[in-house]
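Take a look at the structure set out below.
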Amino acid sequence: MIRRLSFTAAGVVVVIVLVVAFVGLFMLRKPGPLEGTTTKLHLETVAAVGQANEWPRPNDPHPDWVGYLPTTTWKVPANSTIQVQIDQEDGASGLRNPFWGKVFGTEGGNMHVTYFDDKGNPQEGDMTSIDPTQAAHTFAIPDLGVFVPLLGVGDNAPPGTQNTITFSFKTRGPGIYRWQCFVPCAAGTLFGNGGPMQTIGYMGGTLIVT
Amino acid sequence: MVVPERVSERRLSIPNNAITGILFAIPGYFAGVWLGTLFGLNDDQNTGVILGYIFATVAFLAGVGFLNYPFERLFGWRVSPLTDPDENRGVGRFFRLSLDHKVIGLQYLVTILIMLLFGGIGAMMIRTSLLVPDSSITPSGNYISLIGLHSVMMIFITSAVIVGPFGNYLVPLMIGARRMAFPRLEALSFWVVPPAAVILAAATFWGGFPTGWTGYPPLSEQASQAMDSYIVGFALIAVALVTSAINMLATIIGLRAPGMTWTRLPMFVWGIFTTSILGLLAAPVLAAALFMLTLDRTTQTSFFLASNGGSNYLWENLFWFFGHPEVYIFILPAFGIIMEIVPHFARKPLWGYRTGVVGLFGVMLLSFFVWQHHLFVSGIAPVLRPFYMLSTELISIPTGIIFLVTLGTLWRARVWFTVPMLFCMGFLFNFLIGGVSGVYLSDVPTDVTLHGSYFSMAHFHYTIMGGEIFALMAAAYYWLPKMTGKMLSPTIGRIHFWWMFIAFNSTFFPLFIVGLLNMPRRVSSYDPALVGLNRWVTISAYFLFGSMVLFAANLIYSWFFVARPALANPWHARSLEWQVPTPVPARNFERVPLVVAGPYDYGIPNARPVADLGGVVGATGGG
Amino acid sequence: MGVFRIEEADRPHLLRLLIIWVVLSIVGILAALQIHYPPYDQSVQGLDQSRTLALLTVLATPVFIGVVIMVLYSAIYFRRTTTELVDGPPMLGNTPVQIAWIAISAVLVLFLAVFGIVTLASSNVAQAVGTPGRSIGQSGGQTGSGTIGGTGPELQVQVVAQQWYFTYRYADYGGVETTHLYLPVDRPVELHVTSLDIIHSFWAYQLGVKADANPGVDNIFHVTAQKTGSFQVRCAELCGLWHGHMADSEGQVVSQSEFDTWIAQQQKDYEVISKAVPSYAPFYFPEPLLKAG
Amino acid sequence: MAVRTRAYEADAAAVAALDTRLVGIGTWLALAADIFFFAAWWFAFFYLRALNNNQAWKAQGVAPPSRGYGAVVVVLALATAVAYFVGSRPAAGAFLFRLLTPVALVFGLATCLFQGYELWHLGFGLTEGGYPSVFAGLSTAWVIQFGLATAWLASIVTQAGPAGDTVARRQPASFFAWILLFLAAIGIVNYILLYLVA
């Protein structure tokens, strides 16, 4: 009797452990945050996270998805100014709501962009808005009122080049803030807004303010 | 009649068990995926995945043995006999294709309990994540995947949790039949459920789907391949609903024993009867809607895309035309169980039998005319809202009849407080709260505030968990002794009831308040002001899960360690299923019984026994 | 009582139940009246909803208490006290009681339905009287007809839902688009809720507004704010990854003069981008919405 | 055969009558379920047609496929049903039954082939609006069911030998005619909607 009882109990425990492990791993699966606490963010947007110039993600389950690199979960200090540099490699795909072509919520209400114009000449300057059809992605933290459109690499730009966008914004108190991209940029998915747009770690993530 | 000798004695020799089913299913999946990629559609391999699931299911069914009969027919060979219970002895019969309704009922029971474990663990994960008001425990994307998996798994379970185990096992016994009308359909209605559950679980490998159980497009069209699990899994449940409904209805209409008139039919059978009508007519609409969604996702049609001439309202209409009868598919058998069990323990005739049946039919009929109350704020056809408000509120009249019949039966009774009776009382309390809160949701002005909030979530958990699952527990403690031949420990049962009843109310009642205080459903982050209530609910939910573990422990304890054999009629009940020996013989009744009295004639002087089991000359009872 | 013949055995039970029921119902109704029902009184519509909630609770309390005490009473007084099994009296039903029960529930239900319909139809809560997308098929595309707008007595505000944010366009102010919703107090507002991609639901909790945002549909909802202050906006329909975060607590009900100042500032701030935004239309079918590939 | 013998221990006539009765009930129930399935499609047809969202019920250049093809499909489906119906009546003799069921089978196969051919050559893309969606979906849903019915018809033919199941259970088999007639009737309604009303 005791032996049967212990066998049954052991079996039940093993099954429960396996089930909890499976579902728990599924529930907790998330990309790790950038190391340490930082006030400078250096990010890169790429058309395929598996073949990025810097920070490639070779073991990624979706190597051909568009995404932000190296990660989309960042830890930043509270009530401080965060400087962001985004290396933007993608071409333009256009905004669903042209309204997001305007820069909101950054320090000074603008961003600094180095890019290539229609003729392929390098240009540099401050911008408060871009042509909505020329947006490749956006960098938006709605809870902080930050919306920054990222200018797509023009058709005539030299191959392998990237636009560099720099801006800074202020954090508020501690908390977890989402950020996302407002461009339906995942080609091949119905509506463009599925896939990487709907998965944390690609075109959206969290900003952990501590 | 002499059965003519067949020309050919050849048989299709696919072994009929679950192992070969699985062995067939795996190559079936890859064959489907391969075929799907041949089409070369620009659809993220959705065609391949959907075809893979369908092929895997068909191959599984072939491996279980379902294709033997059609292929033997097609080749002109001798067809397999409809029933051969003598071959179905031993534990192995539960892993084989069995045409015995008793085996199918037990297969259903164990499958559903395992699924319930997974659905319950999903609920615990959701509640754990809601311990904090932001998404720090579970990322937002994983949270909505959990919502989807928990909700669809629970919908699968609750569509079948009473009709499957108890309906299949008990309906023939209760009406005096020796088999079901269509044993193959009956077996099919069971054997599509495990593939549906596995296919649904496969959604985790694609990251889970984001839509919850409603699957509203266009969101479900931008979702990943995980959405294909939803489509195929739900379609299989629709198949289960329709096949089970055809079988049940034909059995109840055609196989009643002599003397089992419509007015002597047990209430549980009436519950199954009405719920089967709902399943029969509502599930095909779901199948059509799922087919449209499949076409949209694979061949790029636009049923639900506004920009291409479709409309998401089309899905909302079709889905809820199925979806609202679906929730009554859950609850009608539960009504049946309550009205069945209460007279036996009140030791009184059912008070107002005909009224009770009318109540069941009233709920059934009205439930087809209320679906737009899910769409009061959707902007669809606002001029129709008064009609749907009225029809929804009218449903409370037949539902009230169920309460009246039950209360009337309890009036001046000699209530024997067994565990099933406790659960019936718990049902009455919980379902009353569920029903009253439903009135709040049916009234358009208040629905504007309550729609899509935790209030409605608490409402349907009160009706489904507090209603159907409590009825399920009553049924389990009442009928499992007959089905398994072992009594369940009444002491653990009593502890189980009180634990579950308190934990349930402590879990879900605060959610009404949470909903009134501005918390929408399915959110991973919420107003930090509500964190106290949410933590209370989460801790109660752990206790609720603990009560279900206690139930499982009671099953294991009573079946394997004490193994007290059940008497043939431990409750001294009158109805027909208790008049057969325990364990139930392979052919149920030695001879087809002659029913001579109603099942609830307690206290009536000189009442006759319910049936003459000596048999009727010339009656077949399904051969 | 004529048809309601009360048997001798029933009398003490009925009397006791009646007393318990009346006492508990009075207590319950008094308690129910103490509750402040959401969504409170920031708007006329919200106040109507609060009142309806209160009415429903007051009506539900005696029903709930009645059934619960019946169940508990049966459990206490009608339980078997002997060890051996005894059958109860063979009561098969009582037609007058059944008819009375059905009649009472029918009266209650019909009263509720009529009350709901009257509340719905009264000018105060004329939610979403517009048909869904009343211009469907007439003005597709981003150009739009621009006929909605103008200077009626009602302020027209379009709520544009997108994954995962609400923006607002003020039709009467050149179609300027903003990130927060400001409403003037005591002025009727006509909300036109639409979506750019999938189904969302615009829920302004304190205002008592909830309206689904469907692509290609103009869902109209009327609201009149009657108290200044902030309100919360949330999405109430599952819309994907950031559904739980699609919230904004910076909605404001302000006085007309403050509103005028605010909207002028918005027009100035968004002057550049307003040129790129399509002209005001009841709904939009933006190009990227078309299926890729 | 022990089981079967015991099964038929009871009055043979009663067993046969019960068998017929159950198959009859099952047939009618299945048809009731199926009518709701097709009603959902008809609802989709009228709803999307009335809505004409984004003026895309029928995009530019989309016209119903050739009416002739549709008519051929419907006529063949009707011929299948009628042939089987006539052959399976209890009044019809075994000879007529064995003659007409293969004929019905040929008609049925032709129906499926024609419908498949038409779906392959629609003349419009599936992405081009609501009408192409409903046309493709409804026709496919119908032909899948008709194809399954044809497969069952084939099994009736193969079982029509002297000792086959069809002959042993001739009366239940006659109920199958109602399923074919039902599907043919659905085909006619679909034809009216998809080609004439459009």
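B:I556: under 25 Å from A:I16 (Cα atoms), β-branched (V, I, T) and either in contact with a helix residue (DSSP H, G or I) (Cβ under 9 Å, 6 or more places away or on another chain) or not assigned by TED's automatic domain parsing to the domain that holds B:S136 (or both), yes or no?
On the way: under 25 Å from A:I16 (Cα atoms): yes; β-branched (V, I, T): yes; either in contact with a helix residue (DSSP H, G or I) (Cβ under 9 Å, 6 or more places away or on another chain) or not assigned by TED's automatic domain parsing to the domain that holds B:S136 (or both): yes.
Yes; evaluated as a whole, the condition is true for this residue.
So B:W315 ticks every box in (1) surrounded by fewer than 24 Cβ atoms within 10 Å (Cβ to Cβ); (2) in contact (Cβ under 8 Å) with a residue 24 or more places away in the chain but one. Which box is left unticked?
(1)
Identify, please: which residue in the stretch B:135-175 is outside any helix (DSSP H, G or I) and among the β-branched types (V, I, T) and is, among those, farthest from the chain's Cα centre (by Cα)?
Ranking the candidates gives B:I137 first.
Going by what's in this entry, would A:P196 be described as modelled with pLDDT under 90, open to solvent by 10 Å² or more (accessible area, probe 1.4 Å) and more than 23 Å from A:T39 (Cβ to Cβ)?
So A:P196 does not fit the description; no.
Kindly list, by first and then second residue, each pair from a residue in the stretch B:282-298 that is at the interface with another protein chain (Cβ under 8 Å from one of its Cβ atoms) and acidic (D, E) to a residue that is in a helix (DSSP H, G or I) and crowded, with 24+ Cβ neighbours inside 10 Å, limited to pairs with Cβ atoms under 6 Å and residues at least 6 apart or on different chains.
Once the first residue is at the interface with another protein chain (Cβ under 8 Å from one of its Cβ atoms) and acidic (D, E) and sits in the stretch B:282-298, its partners that are in a helix (DSSP H, G or I) and crowded, with 24+ Cβ neighbours inside 10 Å give B:D296/B:E221.
Going by the conditions given, is B:T243 β-branched (V, I, T), open to solvent by 10 Å² or more (accessible area, probe 1.4 Å), more than 14 Å from chain C (Cβ to nearest Cβ) and in contact (Cβ under 8 Å) with a residue 24 or more places away in the chain? Full working, then the answer.
Details: β-branched (V, I, T): yes; open to solvent by 10 Å² or more (accessible area, probe 1.4 Å): yes; more than 14 Å from chain C (Cβ to nearest Cβ): yes; in contact (Cβ under 8 Å) with a residue 24 or more places away in the chain: yes.
Yes.
Does the stretch C:70-82 hold any residues that are facing chain B (nearest Cβ under 8 Å) and open to solvent by less than 60 Å² (accessible area, probe 1.4 Å), and which are they?
C:M70, C:V71, C:S74, C:A75, C:F78, C:R80
Would you point out which residue out of C:G240, C:G229 is more than 14 Å from chain B (Cβ to nearest Cβ) and on the phi > 0 side of the Ramachandran plot? Talk me through it step by step, then tell me what you get.
Details: C:G240 fails: more than 14 Å from chain B (Cβ to nearest Cβ).
Of C:G240, C:G229, the one residue that is more than 14 Å from chain B (Cβ to nearest Cβ) and on the phi > 0 side of the Ramachandran plot is C:G229.
Conditions (1) surrounded by fewer than 24 Cβ atoms within 10 Å (Cβ to Cβ); (2) in contact with a strand residue (DSSP E or B) (Cβ under 6 Å, 6 or more places away or on another chain); (3) more than 7 Å from every other protein chain (Cβ to nearest Cβ), marked per residue:
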position	(1), (2), (3)
B:F376	no, no, yes
B:P382	yes, no, no
B:P386	yes, no, no
B:M389	no, no, no
B:I402	no, no, yes
B:V405	no, no, yes
B:L410	no, no, no
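From the list B:F291, B:F335, B:F322, which residue is open to solvent by less than 10 Å² (accessible area, probe 1.4 Å) and in contact with a Gly (Cβ under 8 Å, 6 or more places away or on another chain)?
Selected residue: B:F335, the only one of B:F291, B:F335, B:F322 that is open to solvent by less than 10 Å² (accessible area, probe 1.4 Å) and in contact with a Gly (Cβ under 8 Å, 6 or more places away or on another chain).
When D:T101 is evaluated against the numbered criteria (1) under 16 Å from D:A173 (Cα atoms); (2) in contact with a Pro (Cβ under 7 Å, 6 or more places away or on another chain), which criterion, by number, is the only one it fails?
The failed condition is (2).
So B:N588 fits all but one of (1) at pLDDT below 80; (2) open to solvent by less than 60 Å² (accessible area, probe 1.4 Å); (3) not small (G, A, S); what number is the exception?
(1)
May I ask you to list the residues in the stretch D:1-30 that are more than 7 Å from every other protein chain (Cβ to nearest Cβ), closer than 19 Å to B:N588 by Cβ and modelled with pLDDT of 85 or more?
Selection gives D:D19 alone.
Restricting the stretch C:83-92 to residues that are of a type outside the set (G, A, S) and at the interface with chain B (Cβ under 8 Å from one of its Cβ atoms), which is farthest from B:L350 (Cα to Cα)?
C:L85
Are there any pairs with C-beta distances below 6 angstrom linking a residue in the stretch C:186-204 that is free of Cβ contacts under 8 Å to residues at least 40 places away in the same chain and more than 15 Å from B:H451 (Cα to Cα) to a residue that is open to solvent by 10 Å² or more (accessible area, probe 1.4 Å) and part of a strand (DSSP E or B), with the two at least 6 apart or on different chains, and if so which?
C:P188/C:T224; C:E190/C:Q156; C:E190/C:H222
For the stretch B:502-512, name all the residues that are buried (at least 21 other Cβ atoms within 10 Å of the Cβ) and farther than 17 Å from B:M124 by Cα.
B:F512 - this is the single residue of the stretch B:502-512 that is buried (at least 21 other Cβ atoms within 10 Å of the Cβ) and farther than 17 Å from B:M124 by Cα.
Which condition number in (1) closer than 20 Å to C:Y165 by Cα; (2) within 14 Å of chain B (Cβ to nearest Cβ) is the one that A:G173 fails?
All conditions are met except number (1).
Would you mind finding the one in A:P58, A:P33 that is within 12 Å of chain B (Cβ to nearest Cβ), at pLDDT below 75 and not in a helix (DSSP H, G or I)?
A:P33
Condition check ((1) of a type outside the set (S, T, N, Q); (2) in contact (Cβ under 8 Å) with a residue 24 or more places away in the chain; (3) open to solvent by less than 20 Å² (accessible area, probe 1.4 Å); (4) not in a loop (DSSP other than H, G, I, E, B)) across all residues:
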| residue | (1), (2), (3), (4) |
| --- | --- |
| A:N79 | no, yes, no, no |
| A:R96 | yes, yes, yes, no |
| A:H112 | yes, yes, no, yes |
| A:Y115 | yes, yes, no, yes |
| A:D118 | yes, yes, no, no |
| A:D126 | yes, no, no, yes |
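Return the residues of the stretch C:93-105 that are touching a Phe, Trp or Tyr at 6+ places or on another chain (Cβ under 7 Å) and either among the aromatic types (F, W, Y) or at the interface with chain B (Cβ under 7 Å from one of its Cβ atoms) (or both); say none if nothing qualifies.
Within the stretch C:93-105, C:G93 is the sole residue that qualifies.
Could you list, in sequence order, the residues of the stretch B:513-565 that are of a type in the set (D, E, K, R), facing another protein chain (nearest Cβ under 9 Å) and surrounded by fewer than 19 Cβ atoms within 10 Å (Cβ to Cβ)? If you could, list the steps in order and put the result at the bottom.
So the first thing to find is which residues in the stretch B:513-565 are of a type in the set (D, E, K, R), and the list is B:521-522, B:527, B:535, B:564.
Pick out the ones that are also facing another protein chain (nearest Cβ under 9 Å) and you get B:521-522, B:527.
If the condition is that a residue be of a type in the set (D, E, K, R), facing another protein chain (nearest Cβ under 9 Å) and surrounded by fewer than 19 Cβ atoms within 10 Å (Cβ to Cβ), then B:D527 is the only one that fits.
Please work out if C:L33 is under 30 Å from C:Q226 (Cα atoms) and free of Cβ contacts under 8 Å to residues at least 60 places away in the same chain.
So C:L33 fits the description; yes.
Count, please, the residues in the stretch C:70-110 that happen to be part of a loop (DSSP other than H, G, I, E, B) and of a type outside the set (V, I, T).
So the count comes out to 12.
Restricting to strands (runs of 3 or more DSSP E) lying wholly in the stretch C:159-233: which have 2 or more residues that are small (G, A, S)?
Result: C:200-204, C:209-213.
Mind listing whichever residues of the stretch B:524-551 are touching a Lys or Arg at 6+ places or on another chain (Cβ under 8 Å) and among the β-branched types (V, I, T)?
B:V537, B:T538
Go through the stretch D:31-81 and give me each residue that's under 22 Å from D:F175 (Cβ atoms), away from every other protein chain (no Cβ under 14 Å) and surrounded by fewer than 19 Cβ atoms within 10 Å (Cβ to Cβ).
The one that is under 22 Å from D:F175 (Cβ atoms), away from every other protein chain (no Cβ under 14 Å) and surrounded by fewer than 19 Cβ atoms within 10 Å (Cβ to Cβ): D:A79.
Can you spot a residue in the stretch A:161-182 that is free of Cβ contacts under 8 Å to residues at least 40 places away in the same chain and farther than 30 Å from A:N79 by Cβ?
no
The values are calculated or read from the model by the stated rules, or taken from the named source; none is laboratory data. Note that this is a predicted model, so its numbers are computed, not measured. Cβ coordinates were reconstructed from backbone atoms using ideal geometry, including for glycine residues, and neighbour counts include every protein chain displayed. The accessibility values were calculated without ligands, DNA or RNA, using every heavy atom of the protein model including side chains. Shrake-Rupley method; radii C 1.70, N 1.55, O 1.52, S 1.80 Å.
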